[in-house]
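The values are calculated or read from the model by the stated rules, or taken from the named source; none is laboratory data. Everything quoted here is computed from the prediction, not taken from an experiment. Glycine gets a Cβ as well: all are built from the backbone with ideal geometry, and neighbour counts include every protein chain shown.
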Amino acid sequence: MLLPLLLITLGIALRQADRIHFARGRPSSASAAELIALQRRRATNWTPTLLLTGQWVQIAGWWLLAVHGPLAAAAAALGVAVQFRHLQEISHFAVHGVLARTRRANQLLAEVFAHHPLGLIPVPERRRLHVRDHHPNAARPGIDPNLAELHQAGLRPGTSRARFARAVVYPLTWRGIHGTAANLRHSGSWHRTAAIGLVLGAAYLTGGWPALVCGVLIPRLLLYPQLAWLSLINEHTWFDPEPRTGSPAWVEAGRCLRLYPHNRALARLAAATWLPYGDLHHYAHSAHPAVRWNYLPALERHLTQPHFTPDSFLTGPRSVIAHHRRALAIQTTAGPDTDTDTPASSV
């Protein structure tokens, strides 16, 4: 039991190099231009490499822990799912070109440490979908690929309460699991398939069947997709964005939200698990995508708050889920003019 805990601790320690490096000289509040200038001076390739290495060292620790009984295996499944979620979010900043110093390093680190071993789509394709298609068009029907995903899962006007509830846990449904498996089967070239096989083999050699099942299969097919899905649901007021023109911060304030603005404990828990590496500060990221996650809290303090700042994700009248449910219900009663499948360009 000691070795797994030591590996997990070592992985956490390796990750701190990046945090400490970018913390030097960081103001508590500043404009995007000031923060981008600072992060360019701090840009490096070695701290992101240590950061990503630390994530996989932690995963190896969870694999070793999985052999110590059912409770340890369950903890390992959740722990690895969180690490997969972290790898996805770190690679998201590589897609934006702000993880490492150069574009080549950003792409290489994202592919080697996240996209290849997790079976994600190639980085250039993700960059096209996310940076070109999603960011300028967030929550715009017919244009935003992320909104299309939500619609396909059942989050659309006219959905019943039961279907809405199933859509919230879509990755855990049969359709969702089938979709995840299909994406892995069509992950691309032979070296991507080989990378997935390498992860499966490493898990089995590290901790046997418990590590393979609870340290790779359950996290990758069920738990990590669900964490990522909840993060997606939490990013925007998808179904009732305020149409605005003006500065990026003003536009994004009308279609983003900020969860747990007044609850530090829940905010820190979310940042450590399902909203890591700046995802809790998605509004600030949407307003200025070129800012690294280390500086998003300082940027957020410089900006005005978005129009929706819920204190709860799941429960309560001002929760994220309740907000989405009401927005879809209003669109249902408003009639065909608010059909969310109609392209924005034709409205």
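When you check residue 310 against the structure, is it in contact with a strand residue (DSSP E or B) (Cβ under 7 Å, 6 or more places away or on another chain), at pLDDT 75 or above and assigned to a loop (DSSP other than H, G, I, E, B), yes or no? Even if it seems obvious, please write down each step before you answer.
Numbers: in contact with a strand residue (DSSP E or B) (Cβ under 7 Å, 6 or more places away or on another chain): yes; at pLDDT 75 or above: yes; assigned to a loop (DSSP other than H, G, I, E, B): yes.
Spelling it out, residue 310 is indeed in contact with a strand residue (DSSP E or B) (Cβ under 7 Å, 6 or more places away or on another chain), at pLDDT 75 or above and assigned to a loop (DSSP other than H, G, I, E, B).
Just to be sure I understand, how many residues within the stretch 268-289 are surrounded by fewer than 19 Cβ atoms within 10 Å (Cβ to Cβ) and either touching a Pro at 6+ places or on another chain (Cβ under 8 Å) or β-branched (Val, Ile, Thr) (or both)?
1
Being over 19 Å from residue 278 (Cα atoms) and surrounded by fewer than 19 Cβ atoms within 10 Å (Cβ to Cβ) is the filter here, so list the residues in the stretch 221-253 that pass it.
221, 222, 240, 242, 243, 244, 245, 246, 247, 250
What is the residue count in the stretch 6-27 for residues that are exposed (fewer than 14 other Cβ atoms within 10 Å of the Cβ) and part of a helix (DSSP H, G or I)?
Selection size over the stretch 6-27: 6.
Under 6 Å by Cβ, and 6 or more places apart or on different chains, what pairs join a residue from the stretch 119-145 that is among the acidic types (Asp, Glu) with one that is surrounded by fewer than 17 Cβ atoms within 10 Å (Cβ to Cβ) and assigned to a helix (DSSP H, G or I)?
The qualifying pairs are 133/145; 144/137.
So in the stretch 57-71, with the set limited to residues that are without any contact (Cβ under 8 Å) to a residue 60 or more places away in the chain and among the hydrophobic types (A, V, I, L, M, F, W, C), which one is surrounded by the fewest Cβ atoms within 10 Å (Cβ to Cβ)? Even if it seems obvious, please write down each step before you answer.
First, the residues of the stretch 57-71 that are without any contact (Cβ under 8 Å) to a residue 60 or more places away in the chain: 57-58, 61, 69-71.
Among the residues that remain, those that are also among the hydrophobic types (A, V, I, L, M, F, W, C) are: 57, 71.
On the way: 57: 21, 71: 9.
So, considering only residues that are without any contact (Cβ under 8 Å) to a residue 60 or more places away in the chain and among the hydrophobic types (A, V, I, L, M, F, W, C), the one surrounded by the fewest Cβ atoms within 10 Å (Cβ to Cβ) is 71.
Considering each residue of the stretch 52-74, count those that are part of a helix (DSSP H, G or I) and closer than 23 Å to residue 113 by Cβ, and give that number.
Residues flagged as part of a helix (DSSP H, G or I) and closer than 23 Å to residue 113 by Cβ within the stretch 52-74 amount to 14.
Read through the list (1) closer than 19 Å to residue 90 by Cβ; (2) in a helix (DSSP H, G or I), then give the number of the only condition that residue 44 fails.
It is condition (2) that residue 44 fails.
Of everything in the stretch 127-152, what is among the small types (Gly, Ala, Ser) and closer than 17 Å to residue 237 by Cβ? Give them in sequence order.
138, 139, 148
When residues of the stretch 22-52 are filtered for being at pLDDT below 95 and either within 24 Å of the chain's Cα centre (by Cα) or under 29 Å from residue 83 (Cβ atoms) (or both), how many remain?
Count: 1.
Go through (1) closer than 23 Å to residue 300 by Cα; (2) of a type outside the set (Lys, Arg); (3) surrounded by fewer than 23 Cβ atoms within 10 Å (Cβ to Cβ) for residue 78 and report which single condition fails.
The number of the failed condition is (1).
Can we say residue 200 is of a type outside the set (Lys, Arg), in a helix (DSSP H, G or I) and out of contact with any Cys (no Cβ under 7 Å at 6 or more places or on another chain)?
Here the answer is yes, as residue 200 does meet what is asked.
Can you tell me which of (1) in a helix (DSSP H, G or I); (2) farther than 23 Å from residue 269 by Cα; (3) in contact with a Leu (Cβ under 8 Å, 6 or more places away or on another chain) is the one residue 250 doesn't meet?
(3)
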